[in-house]
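The values are calculated or read from the model by the stated rules, or taken from the named source; none is laboratory data. The structure displayed is predicted, hence computed values, not measured ones. Cβ atoms come from the backbone with ideal geometry, glycine included; neighbour counts cover every protein chain shown.
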Amino acid sequence: MKANGIWAFAVAMAAALSGCATTSAGAARSGLGRIDHIVVIYAENHSFDNMYGMFPGANGVADATAGQKTQLDHDGSPLPHLPPVFTAQGKADPRYPQNMPNGPFRIDAAPVNARIDQVVPSPIHNYYQNIEQINGGRNNKFVAMTTVGAWTMGYYDGSTQKMWQWAREYTLADNFFMGAFGGSFLNHQWLVCACTPVFTAAPAALRAQLDETGTLKKRPASPPSVLNGPVQVFDGTVTPDGYVVNTSQPPYQPSGTPPAAGGDPDLADAAKFPVPPQTAKTIGDTLSAKGVSWAWYSGGWKQALADGRQDPQAKRTVIYNREADSPNFQAHHQPFNYFAQFAPGTAARAQHLKDGEDLLAAIDQGTLPQVSFYKPAGRLTQHPSYTDIRSGDIHIADLLDRLRKSPQWNSMAVIVTYDENGGYWDHVAPPAGAGWGDRWGPGTRIPTIIVSPYAKRGFVDHTPADTTSILKFITERFGLEPLPGVRANMGDLTSAFEFE
């Protein structure tokens, strides 16, 4: 018994000394070295002005100039008033007023009075349209190049939302731009690889048609004035030279393109032209090469896997289904599912692509990987037209509260941002020029909130940044191989932190 007691004492002392060594090393760390866990939460489709345009201390709607507010018609003349809010059929929506003044307006105030728990119209948010809306940084053709008329100019007083309070407590970035022009598909790609997918064999029917100025050709029936109806163009999912820029489906299930009848249930039906498997290097690849643990968590992933393998004639209950009992899983929001290195059956897929429930368990158990990306199910993303703002606001705020209670909180940095602007107007011009922008972006300004024990409190960060800044932040923290598409002059998010 005595010998056992001595052994137990020796083990205890060794453990204590080990703990002291760990504490001492931890205390000696400084700067980014204090952050061991990075969590990226990716919501949907709102510009900065649309959600935080009334935030105290931020560059908001009140700071917009008359030239940024006043919208132009197709011929370049100022509109005498805003057009109606158009329905999907191009008709005036009777739920909303007509002839509103030319400029931004409150969605949640008279005369519109739409609530954040309501499903509202979704402006078009495509690649070429976004470029034309920005109009060289003037931001005065959002109405001319939208499908919803006046609605693109709407914004909210977000002060009643839970996420507004998190922004007040921590850091709100008010000069953060979406990585690529256009929509969710392309911006998810830029979040993980800072690259645009290629589809060199895309048929002509998928390719956009451009005029001599490089803008979309208008169809003969397109109204000469947006006051008479939304613009009609020869758009496509692929550029004339073979890059995929608008919503397209992954080659692997779960995909919005069902599997071919009698074919491999893990593959999308190739006859319906999903994006071919991509091979570019992703942030996942550079993390794995350095031995850094990571995962992409998706709400509804496990359900969608089962749903995506259904016979193409069967009713799919999870993917793109808006019924109340469906997560409304959005397959084009899963960027790693487009890459051959994460194809079904690979070890990388099994290790890194996980369900949203796995995220919650890891938070509570203190077992989060060093880098976590989280994509809520469609029901909780705040995407206009198929969900409301409040549901996602509650969900993301609750998730932040859960993270703050996690055993890993003291070494954590959480980045809450949006994939893109959802076609909503914003008054700030995206950075342009060498080192700032390129053919693909950045696009319109979006909200971004930094939450961390080391985040500056009650701070509005004006440092220019975009979606690739998240990749830069992760790369710098873990000493990764840089991805070539990351923009050199964009901030690395460290301006939001105070480590001393």
Checking V143, V112 in turn, the sole residue that is over 22 Å from D419 (Cβ atoms), among the β-branched types (V, I, T), in contact (Cβ under 8 Å) with a residue 60 or more places away in the chain and surrounded by 13 or more Cβ atoms within 10 Å (Cβ to Cβ) turns out to be V143
Scanning region 115-140 for residues that are surrounded by 21 or more Cβ atoms within 10 Å (Cβ to Cβ) and among the hydroxyl-bearing types (S, T, Y), the one farthest from S222 (Cα to Cα) turns out to be Y127
**Message:** Whether any residue in region 312-331 is closer than 30 Å to P484 by Cα, surrounded by 15 or more Cβ atoms within 10 Å (Cβ to Cβ) and not β-branched (V, I, T) is what I want to check.
**Reply:** yes
Taking region 278-300 and keeping only residues that are of a type in the set (S, T, Y) and assigned to a helix (DSSP H, G or I), one is left with T286, S288
Matching residues in region 381-393 (of a type outside the set (S, T, Y) and within 13 Å of the chain's Cα centre (by Cα)) number 2
Within region 426-451, restricting to residues that are out of contact with any helix residue (DSSP H, G or I) (no Cβ under 8 Å at 6 or more places or on another chain) and of a type outside the set (D, E), the one that is farthest from F499 (Cα to Cα) is R439
Pairs returned, first residue in region 463-474 that is farther than 16 Å from C195 by Cβ, second residue that is surrounded by fewer than 24 Cβ atoms within 10 Å (Cβ to Cβ) and of a type in the set (D, E), beta-carbon separation under 7 angstrom, 6 or more apart or interchain, are F473/D492
From the option list P240, P220, P224, P254, single residue qualifying as under 29 Å from the mean Cα position of the chain (by Cα), more than 17 Å from Y127 (Cβ to Cβ), part of a loop (DSSP other than H, G, I, E, B) and not aromatic (F, W, Y) is P254
Review point. Does R349 meet the test of being within 22 Å of F185 (Cβ to Cβ), at pLDDT below 95 and not aromatic (F, W, Y)?
Key: no
In region 146-161, residues that are crowded, with 24+ Cβ neighbours inside 10 Å, in a loop (DSSP other than H, G, I, E, B) and out of contact with any helix residue (DSSP H, G or I) (no Cβ under 8 Å at 6 or more places or on another chain) total 1
Output for Cβ contacts, cut-off 9 Å, separation at least six or different chains, first residue farther than 20 Å from Y52 by Cβ and modelled with pLDDT of 95 or more in region 437-461, second in a loop (DSSP other than H, G, I, E, B) and of a type in the set (D, E, K, R), reads G437/R487; D438/R487; G441/R487; Y454/E498
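Does T417 satisfy the condition of being in a strand (DSSP E or B) and within 27 Å of E132 (Cβ to Cβ)?
yes
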Requested in this report: Answer yes if at least one residue in region 469-490 is out of contact with any Gly (no Cβ under 6 Å at 6 or more places or on another chain), in a loop (DSSP other than H, G, I, E, B) and more than 26 Å from G284 (Cβ to Cβ), and no otherwise.
Outcome: no
Over region 257-272, the set of residues assigned to a loop (DSSP other than H, G, I, E, B) and not hydroxyl-bearing (S, T, Y) is P258, P259, A260, A261, G262, G263, D264, P265, D266, A268, D269
Of the residues in region 227-237, those that are more than 26 Å from the chain's Cα centre (by Cα), buried (at least 16 other Cβ atoms within 10 Å of the Cβ) and outside any loop (DSSP other than H, G, I, E, B) come to L227
Check your understanding: Residues in region 181-200: is at least one over 21 Å from P251 (Cβ atoms) and assigned to a strand (DSSP E or B)?
Key -> no
Of the conditions (1) touching a strand residue (DSSP E or B) at 6+ places or on another chain (Cβ under 6 Å); (2) part of a helix (DSSP H, G or I), the single one that V275 does not satisfy is (2)
In region 26-82, anything among the β-branched types (V, I, T), surrounded by 13 or more Cβ atoms within 10 Å (Cβ to Cβ) and outside any strand (DSSP E or B) is listed as I35, V61, T70
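Would it be correct to say that Q98 is of a type outside the set (D, E, K, R), part of a helix (DSSP H, G or I), out of contact with any helix residue (DSSP H, G or I) (no Cβ under 7 Å at 6 or more places or on another chain) and under 23 Å from N140 (Cβ atoms)?
It is false that Q98 is of a type outside the set (D, E, K, R), part of a helix (DSSP H, G or I), out of contact with any helix residue (DSSP H, G or I) (no Cβ under 7 Å at 6 or more places or on another chain) and under 23 Å from N140 (Cβ atoms).
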Within region 349-369, residues being assigned to a loop (DSSP other than H, G, I, E, B) and buried (at least 21 other Cβ atoms within 10 Å of the Cβ) number 1
| task | Could you tell me whether any residue of region 301-314 is at positive phi and outside any helix (DSSP H, G or I)? | result | no
